[in-house]
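Take a look at the structure set out below.
The values are calculated or read from the model by the stated rules, or taken from the named source; none is laboratory data. Treat the numbers as computed from the prediction; the structure is a model and nothing was measured. Positions of Cβ are generated from backbone atoms using ideal geometry, with glycine treated the same way; all protein chains shown enter the neighbour counts. Areas reflect the complete protein model, heavy atoms only, side chains present, ligands, DNA and RNA absent. Shrake-Rupley method; radii C 1.70, N 1.55, O 1.52, S 1.80 Å.
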Amino acid sequence: MQVMQILREKGREVMSLPCDATLFEATRMLSQKRIGALVIRDGQGRLAGILSERDVVRALSTESITALARPVSVYMTRAVATCTELDTVEDLMEMMTQGRFRHVPVVDESGQLRGVVSIGDVVRVQIEETSREAASLRQYIAAAG
Ligand code: AMP
């Protein structure tokens, strides 16, 4: 299955904040939207980085609550691994496993954000595919028997 199909099912909304938003604002958005990572945009609205709950935990463990007033740009990861809608679920699993992250922004040819895929989306697709395969195998065995 391709990323395109995942986005068709889950939607293309990208939860994001500008680089100068505070870490506190990020914690509120992560909590209210019940998600694990936010895309951080530059002044032109382009992808500037990604901030996940792990970055928040790291910031709080090293700087305590003073971190909450500082901009997200201090704590985000700047070298963001992205994918396109044509990538497959297998490509994403490989990317997430190698890079040890659980979120991948989807971009188009011009670098515009088209959505975000999380490890939860990937696992859901895998479970659906496995269930479908098991059902068709059961059908095959029943027909053969
Ligand atoms: P996660 O597992 O997605 O919560 O993120 C773990 C770490 O990887 C955090 O430091 C994130 O900022 C970083 N990270 C998350 N997604 C990506 C990505 N697509 N590319 C590069 N780094 C990422």
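HN-Hα J couplings of region 107-115 from phi, Karplus 6.51/-1.76/1.60, θ = phi - 60°, integer Hz, Gly and Pro as x?
My calculation for region 107-115 gives 10, 9, 4, 8, x, 6, 6, 10, x Hz in order.
How much length is gained on full extension from GLU133 to ARG58, taking 0.36 nm per residue of separation minus their Cα-Cα distance? Each step should come with its number before you reach the end.
On the way: separation 75, 0.36 × 75 = 27.00 nm, distance 4.09 nm.
Between GLU133 and ARG58, full extension yields an extra 22.9 nm.
So in region 3-144, what percent of DSSP beta bridges are antiparallel if you round to the nearest 5? Intermediate values should be presented prior to the final figure.
Values: 12 of 16 bridges.
Looking only at bridges with both residues in region 3-144, the antiparallel portion is about 75 percent.
If amide H atoms are built 1.01 Å from N in the plane of the peptide, which residues on other chains or at least 5 residues away come under 5 Å of the amide H of GLY115?
Placed amide hydrogens put VAL106 under 5 Å from GLY115.
Mind checking the per residue accessible area of region 17-145 for me, 1.4 Å probe, whole number of Å²?
Values: 7910 Å² over 129 residues.
Normalised by residue count, the accessible surface of region 17-145 is 61 Å².
Would you work out which of VAL80, ALA135, THR66 lies farthest towards the positive end of the dipole of the chain? Charges go on Cβ: Lys and Arg +1, Asp and Glu -1.
THR66
Once you order the gyration tensor axes a ≥ b ≥ c over the Cα atoms, which shape class does region 71-145 get: rounded for a/c under 1.5, otherwise prolate or oblate by comparing a/b with b/c? Before the final figure, lay out the partial values.
Numbers: a/c = 3.88, a/b = 2.70, b/c = 1.44.
In terms of gyration-tensor shape, prolate.
Per DSSP H run of n ≥ 4, the term is -39500 (n - 2.57); total these for the chain, divide by its residue number, and report the mean residue ellipticity at 222 nm rounded to 500 deg cm²/dmol. Walk me through the numbers before you get to the answer.
Numbers: 5 runs with 67 residues, N = 145.
Calculated from helices alone, the mean residue ellipticity at 222 nm is -15000 deg cm²/dmol.
In whole percent, how big is the carbon plus sulfur part of the accessible area of the chain, probe 1.4 Å, protein atoms only? Kindly include the intermediate steps, with their values, before the conclusion.
Numbers: 4690 of 8880 Å².
Roughly 53 percent of what the probe reaches on the chain is carbon or sulfur.
Full extension from LEU68 to ASP20: what is 0.36 nm times the residue separation minus their Cα-Cα distance, to one decimal in nm? Write down the numbers at each step before the final one.
Numbers: separation 48, 0.36 × 48 = 17.28 nm, distance 1.22 nm.
Full extension from LEU68 to ASP20 adds 16.1 nm.
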